[in-house]
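Working notes, structure below.
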Amino acid sequence: MAAAEARPPVEDWATDYDIFDPAYCSDPGPIWADLRDRCPIAHSERWGGSWLPTRYDDVAEMARLVPALSSVEFIVVPPVPLRDPETGEVLRARPYAPPISSDPPFHGVARRLILPAFSPHAVAAHEPYTRELAHRLIDGFVGQGRCDGAVDFAQQIPPRVIAHLMGIDEGRASDFVDWVRGILELGATDPELRVATGLKMFAFWAEEVAKRRAQAAQAGGSADVPQNDFISEVLAGDLDGQPVDDNHAMSVCNLLLIAGIDTTWSSIGSALWHLATHPADRQRLLEQPELLPTAVEEFLRVYSPVTMGRLATEDVTVDGVTIPAGSRVLMNFPAANRDPGQFPDPDTVVIDRAHNRHVAFGIGIHRCAGSNLARMEMQVALSVFLERVPEFHLAESGPVSWAGGQVRGPRTLPLTFSTPR
Ligand code: HEM
């Protein structure tokens, strides 16, 4: 498929949807509502072909069809082989990122290795750092009366928090953002960029893993290499009694850097967009800050960022539609969260919504391993922003732009404010 601007416009979303269409990225709700009524599992030949469910029950059922709907291909477009740039040898035919790319039984083994780092207790240890970071970022723009809420704030938090957790250099946050965009955002429609970025990332992880292996070998060696960070813990861990090899460690680290950045940055940005455009909700949170946790769940529901891929390994029938073996299925968690059969008044943000069993973090065995971390980052980012910049609005100076496809969220969000603290 050619570049974005060269694509023909969508005439019927039921048979020809385009998940990278600017209309779908900026406001997919009306498209899902239409599909849910007349074609709840849509199909399109674009981007290698895929199937798109829009009903909550269908998404939930599909998430449980493991491994008939397999996670070996989990991105929303066809994979491109990663080749050694010198020899041309295929290093990986498709992305390998355990546990997200694994089916049972290995999935559970790979997931157990990483879960301790994301327990509520482990995540709480990163909260003071996140709070100090949010203040530091606001200090940088508060005097100007304006900022880009996506670029200057939302985008800056997750790469530093994940670097802090993993034990890698926070100073390289802008590289991490470029890499994530090169894989998930710009790279989704540009296979060459995706491959080039993948190679850069693996070179980086090879160095990080080698540093820690060398240090472990010299027991008590160089003091400038952290010993109690995530990478070291992964290397010291085991997979069902077997040691963790370099390839596994690098692949896990790669997944966490990618999964930890774009998702949370998008969620913080969408929440800021909502508060800038819905002053009554912003005012209510200022008056009742105790509502922030339910508001965060509601932002996650209405502005769910993540759609995942599955590969049908056999013919699968859901809701009367047979999806043939070999097809790609898009786990449309965001549309499931707008299903009126599950959530009354689904397109409205109700910041104290009492019943909110949303699936923004997925459902079933692959449910997000980083949800505690994501929630902490969102709550800290939003509470510090509201505290320091209580009155803010969209600036007239520039447009808001949205990215979509695998991860949806604002990429530019010009804001103005008059009463900063
Ligand atoms: C608001 C932010 C986030 C959202 C909306 C989100 C969403 C998701 C979703 C929908 C899945 C399910 C994937 C599937 O079914 O194939 C998932 C899995 C995962 N997420 Fe997140 N995520 C977020 C933040 C994070 C963070 C901060 C991390 C950690 C650094 C993380 C790590 C993971 C991992 C490791 C998995 C794979 C779990 C498995 O396969 O067992 N996520 N996430």
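The values are calculated or read from the model by the stated rules, or taken from the named source; none is laboratory data. As the structure is a computational prediction, the values presented were derived from the model and not from experiment. Note that we place each Cβ from the backbone using ideal geometry, even for glycine, and neighbour counts take in every protein chain shown.
Among the residues of segment 193-210, is any polar (S, T, N, Q), in contact (Cβ under 8 Å) with a residue 12 or more places away in the chain and more than 16 Å from the ligand (Cβ to nearest atom)?
yes
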Worksheet item: Taking ARG375, is it closer than 26 Å to TRP51 by Cα, modelled with pLDDT of 95 or more, surrounded by 16 or more Cβ atoms within 10 Å (Cβ to Cβ) and not polar (S, T, N, Q)?
Response: no
Discussion item. For PHE118, only one of the following conditions fails: (1) touching a helix residue (DSSP H, G or I) at 6+ places or on another chain (Cβ under 8 Å); (2) farther than 21 Å from ASP262 by Cβ. What is its number?
Written reply: (2)
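Looking only at helices (runs of 4 or more DSSP H) that lie completely in segment 196-295, which have at least 3 residues being touching a Gly at 6+ places or on another chain (Cβ under 9 Å)?
230-236, 246-277
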Worksheet item: Quick one: ARG328 ticks every box in (1) over 27 Å from ARG194 (Cβ atoms); (2) away from the ligand (no atom under 11 Å from the Cβ); (3) among the basic types (Lys, Arg) bar one, so which box is it?
Response: (1)
Worksheet entry | Selected residue [farther than 22 Å from TYR96 by Cα, at pLDDT below 95 and loosely packed, with under 14 Cβ neighbours inside 10 Å] from ALA219, ALA236 | ALA219
Discussion item. List the residue pairs whose Cβ atoms are under 7 Å apart, where the first residue sits in segment 260-279 and is modelled with pLDDT of 95 or more, the second is of a type in the set (S, T, N, Q) and assigned to a helix (DSSP H, G or I), and the two are 6 or more positions apart or on different chains.
Written reply: TRP265/GLN155
Discussion item. Quick check on THR313: is it more than 13 Å from the ligand (Cβ to nearest atom), hydroxyl-bearing (Ser, Thr, Tyr), farther than 28 Å from PRO99 by Cα and in contact (Cβ under 8 Å) with a residue 24 or more places away in the chain?
Written reply: no
Item to complete: Among residues belonging to segment 250-290 that are among the polar types (S, T, N, Q) and under 25 Å from the mean Cα position of the chain (by Cα), point out the one that is farthest from the ligand (Cβ to nearest atom).
Response: THR277
Worksheet item: Consider TYR96 against the criteria (1) under 21 Å from VAL244 (Cα atoms); (2) buried (at least 21 other Cβ atoms within 10 Å of the Cβ); (3) of a type outside the set (A, V, I, L, M): it satisfies all of them except one. Which criterion is unmet?
Response: (2)
Worksheet item: If a residue has to be under 18 Å from PRO159 (Cβ atoms), small (Gly, Ala, Ser) and more than 10 Å from the ligand (Cβ to nearest atom) to count, how many in segment 109-140 make the cut?
Response: 2
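With VAL306, VAL380, VAL389, VAL329 as the choices, which residue is surrounded by 21 or more Cβ atoms within 10 Å (Cβ to Cβ), under 16 Å from the mean Cα position of the chain (by Cα) and of a type in the set (Val, Ile, Thr)? Quick ask: steps written out before the conclusion?
On the way: VAL380 fails: under 16 Å from the mean Cα position of the chain (by Cα); VAL389 fails: under 16 Å from the mean Cα position of the chain (by Cα); VAL329 fails: under 16 Å from the mean Cα position of the chain (by Cα).
Sole residue among the options that is surrounded by 21 or more Cβ atoms within 10 Å (Cβ to Cβ), under 16 Å from the mean Cα position of the chain (by Cα) and of a type in the set (Val, Ile, Thr): VAL306.
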Worksheet item: Among the strands (runs of 3 or more DSSP E) confined wholly to segment 26-108, which include 2 or more residues that are within 16 Å of the ligand (Cβ to nearest atom), modelled with pLDDT of 95 or more and within 29 Å of LEU257 (Cβ to Cβ)?
Response: 50-53
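Restricting the search to segment 73-99, which residues are of a type outside the set (Lys, Arg) and in contact with a Leu (Cβ under 6 Å, 6 or more places away or on another chain)?
Hits for segment 73-99 are GLU73, VAL76, LEU82, ASP84, LEU91, ALA97.
This table checks each residue for (1) among the hydrophobic types (A, V, I, L, M, F, W, C); (2) out of contact with any Pro (no Cβ under 9 Å at 6 or more places or on another chain).
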residue	(1), (2)
ARG46	no, yes
ARG64	no, yes
VAL77	yes, no
LEU82	yes, no
GLY88	no, yes
ARG92	no, no
PRO95	no, no
Worksheet item: If you take the residues in segment 355-372 that are within 7 Å of the ligand (Cβ to nearest atom) and under 16 Å from PHE299 (Cβ atoms), which one is surrounded by the most Cβ atoms within 10 Å (Cβ to Cβ)?
Response: ALA360
